[in-house]
Structure formats: C-alpha cells, structure tokens
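Notes for the one structure printed next.
Rule-based calculations on the coordinates, nothing more; no lab input. These numbers come from a predicted model, not from an experiment. For neighbour counting, all protein chains shown are included, and Cβ atoms are generated from backbone atoms with ideal geometry for every residue, glycine included.
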Amino acid sequence: MKDQTPATDYKTGAVMKAVRLHAFGGPEVLHYEDAPMPELKDGEVLVKVHASALNPPDWYLRDGYRSLPPEWQPQGDFPMILGTDISGVVEAVSEGVINFKVGDEVYSMVRFFSIGESKGYAEYVSVPAEHLAIKPGKIDHVHAAGAPMSLLTAWQFLVDIGHNHPNPLQAHPHISVPLQDKTVLVNGAAGGVGHFVVQIAKLRGAKVIGVASTKQEAIVRELGADDFIDYTKTAPEDVVRDLDLVVDTVGGASTGRFLKTLKRGGALFPVYPLGFEGGAEAEKLGITVSSVQVRSSGVQLTQLARLLDDGSIKVVIDSTFPLSATREAHERAAKGHIRGKIVLTVA
C-alpha cells in the first residue's frame, strides 16, 4: 500500500488542451481546443496523460451510435471528450485514495461503459482509482495506452469476465470455454482486439488459426498463430471445420457464416454482436453464441501488466498521431485494415 499524497496544489478551473466534440458526426467534429481541467472527486486520481489510444467505441460515440436502435442512442451532452485508454503520470490524488501517489506511472481504461464524462483525449483526466493500475514498467506510454480496452476485451472474453454487469445484448451471462488443446479461429487477427486474442489463446494452450489480409500474415504468425487464412483469397468458412471456438472480432450480421465451421458443442464469440440473427440455427447445431460487454478493471490491468512486462503479451502499434491531429487519427481508423492500435501522443 502506498501513502496517500493529497491534491494540495490542484486547482479546479484551470485550463488544459483537449479534443472535444460539440455535435455528433464524422472526424471533422473533433476540435483541438482549450477545455477546463477535470474536477477531482473523492476516490479519483488526476492523471497527466502521455498517450491515449483510439478504440471503436470512440468513433461509434463520435458518430452518435447510429448503428444502435434509436432508443439506445445516446443524447449529446456537449461538449464531450472521447477516449477511454490512457497512460500517464499521477498528478494528484483525492481523499480516500491510498494505492497511488503523485509521480506514479499508470494506465487505465477510464469509465467504460459511460457516456458524457470526461475521458482521455486530453492533457489531463480524472480516473476512478478502481479503474487504474500501475503501468507496466518495461513498455513505454504509447504501448501501455494501446493495451487497456482491447486487452481487457480479449481477457474478459477468453479467461475471466471479472465483473457482473449484464450484457443488454444477450439474456444469459457470458460463457467462456477452456482453451487448452482446443482449436481457435480468430477473425480479424491483426486488429486491436484480435492481436491480443491470438496471444492469449496461445498462452492458454490453444492451436490458433488467424484470419486477416495478405499483408498481415507475418505479424499474425509472429504473435503465435499456427495457421493463417488470407480472407482476400479464401473465405475461412469454406475451408475449416470442427473448430472448438471462433472469436469474430469483426462481428455484425456476417458472423453467422462461422456457425458451419464449428463442431457440436463449440462456441462463437462475436465481439460486435449486433446484427447476428443465427440464434435458432446455433441452438440447432449445439453451438453456444456468447458476447461480453467489456468493463473497466484496475485489478485485471494489474494482472495483465505482468504479462506485458515479461513479453508474454505484446502491443502492436499501427500508427501514432499528436493529440492536435486526432481528426487525422480518426480518418486513419476509418480506412480500416488497422494493424494493432492507433495511439495519440499527448505529453
């Protein structure tokens, strides 16, 4: 336990640089501008951000979550700061925080799932202490920022959900499966979540088949995939059968195509389950379809820091952009074919 260092010189009302949106829309609604410093509430830590990563929920929210049913779409609480994944240095701590002190290097997935609260595309962010963990010491801030959401998603899908928040998109709790000596296909194996799924599945003793485009084969194999399918040349559902698990990091309406690749008793994990309509077919085939809605967890990030430190899990960086070029970073994301993570450099 570390001694508490109170926020003795922290002043609310100060100004920082941040990227905010004042309306939903495309990358053009992201504005680099002055913004008030976040207020530090009891149980929170003020972090000076060194790097912040992009994740799909960032551009979904920026766009107003238009893919959701209208009743689920958020109302704009503008101006809004996006960005959940951060790595930085503790600037101040509030009353009740005993595990962190000023100067600690930390990383976090900040307040997910929440909408409208101050997040990570900024020079400073306030973080609930339970969402925070000491940064892996052997990787830099850019790589640490690239980990939280994607790595927690992969871990909560495959190993330990770590929370009891219900998933509104399915009636039953998530059902993970043992991976030792199983055959796992990862669709989107070079992407943010996919490249972590490949590594975790290998660590847990699975044979892994990675699916990605031609130029991603080398990195997918380097991360541990035993076999590779280039989807630009071969549809994976046409050439594989009797799989134990498919993790479809692309998901959506097309995820049902993987049902025929699975053995009876197998499982299909769509990371983005909206649009899947094959529930009846899956039940008929004896296949479990299950998804996780990832949640922040400082406890799990502390566990995962050890794997990041010893090199068991690596963070792949697609590209970096300064905070002032967040619009360009979102434009890069919109082009797709992302290898690992896109990260904003802040401090």
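With neighbours defined as other Cβ atoms within 10 Å of a residue's Cβ, the residues M149, M37 order from fewest to most as M37, M149. A straight chain from I175 to D226 at 0.36 nm per residue would run longer than the Cα-Cα distance by 15.9 nm.
For D242 and R264, calculate 0.36 nm times their separation in residues minus their Cα-Cα distance, and state this gained length in nm to one decimal.
7.1 nm
What is the calculated FRET efficiency for S114 to K335, with r their C-beta to C-beta distance and R₀ = 45 Å, to the nearest 0.05? Efficiency for this residue pair is about 0.95. Applying 1/(1 + (r/R0)^6) with r as the Cβ-Cβ distance of R66 and D310 and R0 = 35 angstrom yields a FRET efficiency of 0.25. Here the label points at S324 and L274, each 7 Å from Cα along the C-beta direction, are separated by 3.4 nm in the simple model. Only helices enter this figure: runs of n ≥ 4 DSSP H residues, each worth -39500 (n - 2.57), summed and divided by the residues of the chain, yield -5500 deg cm²/dmol at 222 nm to the nearest 500.
Multiplying the residue separation of N167 and I98 by 0.36 nm and subtracting their alpha-carbon distance yields 21.7 nm.
Using a 10 Å Cβ count of at most 10 others and DSSP loop calls, identify the longest part of the chain lacking such trypsin sites (Lys or Arg not before Pro).
Values: sites that count: K11, R66, K233, R241, K335.
Maximal segment without exposed cleavage sites: 67-232.
Scanning residues 5 or more positions from K119 or on other chains, those with amide H under 5 Å from its amide H are I81, with H placed 1.01 Å from N in the peptide plane. Ordered by the number of other Cβ atoms lying within 10 Å of each residue's own Cβ, fewest first, L245, L179, L30, L307 fall into the sequence L307, L179, L30, L245. Between E283 and A14, the FRET efficiency from the beta-carbon distance, with R0 = 51 Å, is close to 0.35.
Karplus-based coupling profile of region 292-308, in residue order and whole Hz: 10, 9, 4, 10, 4, 7, x, 4, 5, 5, 5, 4, 6, 4, 5, 6, 6, with θ = phi - 60° in 6.51 cos²θ - 1.76 cosθ + 1.60 and x standing for Gly or Pro.
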